[in-house]
Every structure is written in structure tokens, then in C-alpha cells.
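> Have a look at this one.
The values are calculated or read from the model by the stated rules, or taken from the named source; none is laboratory data. Owing to the predicted nature of the structure, the values given are computational and were not obtained by experimental measurement. In this analysis, Cβ positions are derived from the backbone assuming ideal geometry, glycine residues included, and neighbour counts consider all displayed protein chains. Ligands, DNA and RNA are stripped out before the accessible areas are found, and what is left, the full protein with its side chains, is counted by its heavy atoms. Shrake-Rupley method; radii C 1.70, N 1.55, O 1.52, S 1.80 Å.
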Amino acid sequence: MLIPQEISTDTLHHPLWERLGISVAIKRLDQVHPLASGNKFFKLKFNLEQAKLEGKKKILTFGGAYSNHIYATASACQAAGFESIGMIRGEETLPLNPTLAAAREKGMMLHYVSRVDYRNKKEEEFLNGLRKTHGAFYHVPEGGTNSLAIKGTSEILSDQDNEYSHICTSIGTGGTFAGLAASIGPHQVLQGFSSLKGDFIHQEMADLLGKHQISPKGKLEIEDQYHFGGYGKTNGDLLAFIRWFYGEFQIALEPIYTGKMCYGVLEKIKNGDFPKGSKILLLHTGGLQGLAGFNQRFGTSLPL
Ligand SMILES: *Cc1c(COP(=O)(O)O)cnc(C)c1O
């Protein structure tokens, strides 16, 4: 249904890292599918297969107005021949921002849910109400994390990635982190960089791993100090870093997830937190669709 493209891993060179005896590479999940890019491809893949098995023709999901998940769901559904319904948090704003305009172009029906009702997004009663309005659908939760999503993200690492000592990823809902935790080797450290503010994330990830009975073979670490003020928040330092990264490596990052994670990793290298000989693999989880909307909203010109 969704056919992955070959994913390349690019080695990044920097004199400081070479002096410290550390190598850094980036796995380009952003290139996995021309439409459904990044980690969302992995999260949706088995869900769409399940929807098909259940004979469902429609996928319904939830997200914010700039959500990568909304965009990816619209794309993947178009590619795989499903109808898609996006329940968008908040009021409609016209003209549609680039994310929602693209989702609609890919055939997604957009419905707006007040912030109060949106809190019921996981309740069976609320979902059953939606079934009355929209007919039968396959429900994918906001952010896309469920057990089939984790099955998908546990396919992100391949045998070739065994050579790395550290695997670094961004954390939102943690579905990606959980799948990686299930698939790292005993000699590997998985470092997750939370894009949300607060130390609740440690407990939330522990709960998520418990719920899905994941006992990692390697070591897990969660960094909660690179949120830049919270989910969706940025500052001049982060934006300057994203520009620097693009100038240096010609790889675009977005400020919600991948920019914060890469900033965190490179700062930790500078601080001497990685031992000599470390082989670091950064996961580029995609999300570049959000850059157009970000630039428009904040008057920035981050490279796309
Ligand atoms: C959704 C997203 C994440 C977070 O993934 P989770 O599985 O929710 O933790 C990270 N990076 C990008 C680019 C994303 O779109």
C-alpha cells in the first residue's frame, strides 16, 4: 500500500567532532515517501493495512492546524486509496494555512472541533457520535500513536544501524521512541529529546513502554531540557541553529521537533557528554511540510 523509498544515511563532518573522535550521521526518514514523509509514514503504515482488513473506507483522525500528522494522514490516505477526515482543533481560519490547504488538496475533509470538545477526542462516546455523523471509519488517535504505530516505528532501524552507539530522536507522543526502544541492540543507547516542557515525559514514556510491554535491550535516556519553552515554542537561538545547520550540511530541519533534537545533540557533544569513539545516529523524522506554515505565521524565512 505505502511503498517506502530507499532511506539514505548521510555522514556529517565537523572539525570539532573529528577532534573529539565522535562521528555523526543522519538517517533521512524525511525521504521515506514523497507524500507521507518521516516517522509518520511508519506510524500509519500498519494502521492503514488494518483499516483495509476491517473493510473500512475512511480514516478519521485528530490534530492541530499545523500538524504533521494531519498532513501525513491526508497524503497516505490519498496514496493508499482511503477517504480521510481530519478533526482539527479550534476554529476554521481562512484562507487555510499551507498544512490544511495541502491536506484538503489531498482529499481530506476538514472539520473543526472547539477546544472544549477536543478534550473528548479519545472518548468512545464522542467517537460514536462522530460515527453517526460520518459513517463507519477507522480511528487513528491524535499524533498517530497506538500499538500498530509502534509496530511500524520498530522498523525504522535496520541491520546497518547496528554500528551506531547512540540513536537520537525527537519525542512528541513517544510512539517513535517506543518503537525504537523495542528495536535497539544491547550495545546501543537511545536518546529521546522531548519537544514538550516538563519532566512528566519520563513517567509518560515509562507508562507507554509498560503498556506495550517493551523491554529494551539497550539503554534509554530522555532529555527534557531542549524544549525551548514548550511545544511549538522557539527562540532566536534555535532558528539561528537551523539556519546554520542548513548552511553547513544542506539539510533542512523544522523548529518543532528535529531542530530541537539536533540542537540538543550537538550541544551535548560540545559539553563532552558523549565518550570518544561514539557513533551517533540522528533520526531526521521529517516534518518539513510545517515549515511553510511556520514561516508564514512568524514572518521567518527558514530554509525549506
Ligand atoms: C510527530 C513527529 C515527531 C514525534 O513523534 P512521536 O512518535 O509522536 O513522538 C517527531 N518529529 C517529527 C518531524 C514529527 O512530525
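For (1) out of contact with any Leu (no Cβ under 9 Å at 6 or more places or on another chain); (2) within 16 Å of the ligand (Cβ to nearest atom); (3) open to solvent by less than 20 Å² (accessible area, probe 1.4 Å); (4) of a type outside the set (A, V, I, L, M), each residue gets a yes or a no:
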position: LEU238; (1), (2), (3), (4): yes, yes, yes, no
position: GLY247; (1), (2), (3), (4): yes, no, no, yes
position: LEU253; (1), (2), (3), (4): no, yes, yes, no
position: LYS268; (1), (2), (3), (4): yes, no, yes, yes
position: HIS284; (1), (2), (3), (4): no, yes, yes, yes
position: GLY287; (1), (2), (3), (4): no, yes, yes, yes
position: GLY290; (1), (2), (3), (4): yes, yes, yes, yes
position: PHE294; (1), (2), (3), (4): no, yes, yes, yes
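> Looking only at the range 204-213, which residues are loosely packed, with under 12 Cβ neighbours inside 10 Å and part of a loop (DSSP other than H, G, I, E, B)?
GLN213
> Then there's this: Could you list, in sequence order, the residues of the range 7-42 that are assigned to a helix (DSSP H, G or I), open to solvent by less than 20 Å² (accessible area, probe 1.4 Å) and more than 13 Å from the ligand (Cβ to nearest atom)?
TRP17
> So, one more: Looking at (1) within 16 Å of the ligand (Cβ to nearest atom); (2) open to solvent by 60 Å² or more (accessible area, probe 1.4 Å), which is the one condition that is false for GLY232?
The failed condition is (2).
> Which strands (runs of 3 or more DSSP E) does the range 54-171 wholly contain that include 1 or more residues that are open to solvent by 60 Å² or more (accessible area, probe 1.4 Å) and hydroxyl-bearing (Ser, Thr, Tyr)?
109-113
> Taking only the range 43-64 into account, find how many residues are within 16 Å of the ligand (Cβ to nearest atom) and either without any contact (Cβ under 8 Å) to a residue 40 or more places away in the chain or out of contact with any helix residue (DSSP H, G or I) (no Cβ under 9 Å at 6 or more places or on another chain) (or both).
Total satisfying the criteria: 1.
> Residue check, ILE201 against (1) part of a loop (DSSP other than H, G, I, E, B); (2) within 22 Å of TYR66 (Cβ to Cβ), all met but one. Which one?
Just one mismatch for ILE201, condition (1).
> Here's another thing I want to ask about it. What's the total number of residues in the range 143-198 that are among the aromatic types (Phe, Trp, Tyr) and away from the ligand (no atom under 16 Å from the Cβ)?
Adding up the residues that qualify gives 1.
> Also: Going through ILE280, ILE222, ILE201 one at a time, which residue ends up being of a type in the set (A, V, I, L, M, F, W, C) and either away from the ligand (no atom under 14 Å from the Cβ) or in the same structural domain as ILE70 (by TED's automatic domain parsing) (or both)?
Going through ILE280, ILE222, ILE201 in turn, just one is of a type in the set (A, V, I, L, M, F, W, C) and either away from the ligand (no atom under 14 Å from the Cβ) or in the same structural domain as ILE70 (by TED's automatic domain parsing) (or both): ILE280.
> I'm told ILE184 meets every condition in (1) more than 24 Å from LYS279 (Cα to Cα); (2) in contact with a Lys or Arg (Cβ under 7 Å, 6 or more places away or on another chain) except one. Can you identify the failing condition by its number?
Against the list (1) more than 24 Å from LYS279 (Cα to Cα); (2) in contact with a Lys or Arg (Cβ under 7 Å, 6 or more places away or on another chain), ILE184 comes up short only on (1).
> Another question, if that's okay. Just to be sure before I move on: is GLY229 without any contact (Cβ under 8 Å) to a residue 24 or more places away in the chain and outside the structural domain of PRO95 (by TED's automatic domain parsing) in the structure I sent?
Here the answer is no, as GLY229 does not meet what is asked.
> Search the range 145-174 for residues that are more than 15 Å from HIS284 (Cα to Cα) and pair each with any residue that is of a type in the set (Lys, Arg) and open to solvent by less than 40 Å² (accessible area, probe 1.4 Å) when their beta-carbon atoms are under 8 Å apart and the residues are at least 6 apart or on different chains.
Matching pairs, first to second residue: THR145/LYS43; ALA149/LYS43; GLY152/LYS43.
> I've got another one for you. Which of the following residues is of a type in the set (Val, Ile, Thr) and in contact with a strand residue (DSSP E or B) (Cβ under 8 Å, 6 or more places away or on another chain): ILE171, ILE150?
Residue meeting the stated conditions: ILE171.
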